[in-house]
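Reading through the structure tokens given below for one structure.
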Protein chains: 2
Amino acid sequence: MKILIVEDEKALCDSIASYLRQEDFICDSAGNYQQAMEKIESYDYDCILLDITLQDGNGLDILKELKRNNKSDGVLIISARNSLSDKISGLTLGADDYLPKPFHLSELAARVFAIIRRKHFDGNNLLSFQDLIIDTQAKAVRTSNREIDLTKKEYQLLLYFVYNKGRVLSKNAIAEHLWGDDIGGGVNYDFIYTHIKNLRRKLIDAGTGDCIQSIYGMGYKFAIT
Amino acid sequence: MKILIVEDEKALCDSIASYLRQEDFICDSAGNYQQAMEKIESYDYDCILLDITLQDGNGLDILKELKRNNKSDGVLIISARNSLSDKISGLTLGADDYLPKPFHLSELAARVFAIIRRKHFDGNNLLSFQDLIIDTQAKAVRTSNREIDLTKKEYQLLLYFVYNKGRVLSKNAIAEHLWGDDIGGGVNYDFIYTHIKNLRRKLIDAGTGDCIQSIYGMGYKFAIT
DNA sequence: CTGATACTGAAGACATTCTGAAGATTATAG
DNA sequence: CTATAATCTTCAGAATGTCTTCAGTATCAG
């Protein structure tokens, strides 16, 4: 799950990112209006944390823009302004939730979870695909018979596949999604081969078929075989 | 402790959830009969708040279903219908308590606490998990045989684990829960390692297995081995 | 056939977790 | 108030687990 943090107070931004990363989210951050708009255009985030009191332009403008592009789903507003009018204008503009500063990071994380649950899980904590059951709270994966022990990257990869089942995912997209924006240009993605290999092996060993189809020159697709 | 809120009035549902989260509960919500049944099947909640005036099916049907599956323990009915007959049919169907709308959130929370105490705490203030017995009044922990002498931090840590059994807790979450203030970026969590180590040793010495699973890169999970 | 793309196992690089011991800090007893 | 004990935190090294790199091999499309 990939999250964009729009917050100009760098220390806060960093500690939010650090916390959410531990909770297994992949975080990008933007410190001003322009950066935020660039990132939002280039990627479809699962959740956007939006500080509406930016210096170079009101964060509410970002929200309006998102609304116009039908991307306002999954926006959590954070703000020092605790006035009711702000809250109302935020929520009427389509934000999902509103969290006044100061807040506990665990509270923030809980709301992010809630938003993502609403968006992806149809309100459920269990994700299933064929014989596969993913308990996103226990971070455990199993088939009807067996437990599957996955590493962190494998788990994230599987989750990404399941969220995008049936869709072809390029190596670039996978890399961006699993490693965030700290991957430079001229990198080779050999490690993705390895992670795919390992995940495949574990899934097959557990009795699911090979759900990960390779599509030559394009990428991978998670689907029924 | 995990709570399911079954309530179709979204604003009310959200404010209940928000309040209870502040009290450290974990909340799921369901807006209609079907959602509620799905959730109930997929998770064993510690308490269920049930609005019996749902639009797509009477909430009492949910209660009957719970009763049939022996899960009616821990149900708190909330309802605008204040008639005695409703109250009676609710309670005879096995609900634990009945709260008429409108109510104060603090009143609701108090009753939730009471229900959970009754359900988990053995009527006294005892909380048990496997062979482990935690007396939350005396703040003492023991197995069926032995006393376990824990320090304050170890006790808090254990309690946090037991309340969130089966869930993966990141080091960040643990740190925030046990030390309050949020901790920024470049902090080391060495003291958590130490406390986990000490708690583990005491539990193992007392004869419980190692209930604290380490999950590399993600955190810890308290579970049956 | 050929060049590009994908797969594999092994190994080194890297990161996380565990541990005991020692230094702070706090609580307790006298 | 001081001495003592208990607890909490820090630290460095060891043990462990995971990620990435790499070189060789297999597969694919044209």
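Read-outs: derived from the displayed coordinates by stated rules, not from any lab. The shown structure was predicted, so the numbers you read here are calculated from the model rather than taken from an experiment. Cβ coordinates were reconstructed from backbone atoms using ideal geometry, including for glycine residues, and neighbour counts include every protein chain displayed.
Taking other C-beta atoms within 10 angstrom as a stand-in for reagent exposure, B:His104, B:His177 fall in the order B:His104, B:His177, fewest first. Counts of other chain beta carbons within 10 angstrom of each beta carbon in peptide B:165-176 average 5.
Report the local net charge at A:Lys202: Lys and Arg +1, Asp and Glu -1, summed over other residues whose C-beta lies under 9 Å from its C-beta. Result for the local shell: -1. Taken over chain A, the percentage of Cα pairs per 5 Å bin, counting from 0 up to the bin with the maximum distance, is 1, 6, 14, 17, 18, 15, 12, 8, 5, 3, 1, 0. Computed over neighbours whose Cβ is under 10 Å from that of A:Lys71, the net charge equals -2, Lys and Arg +1, Asp and Glu -1.
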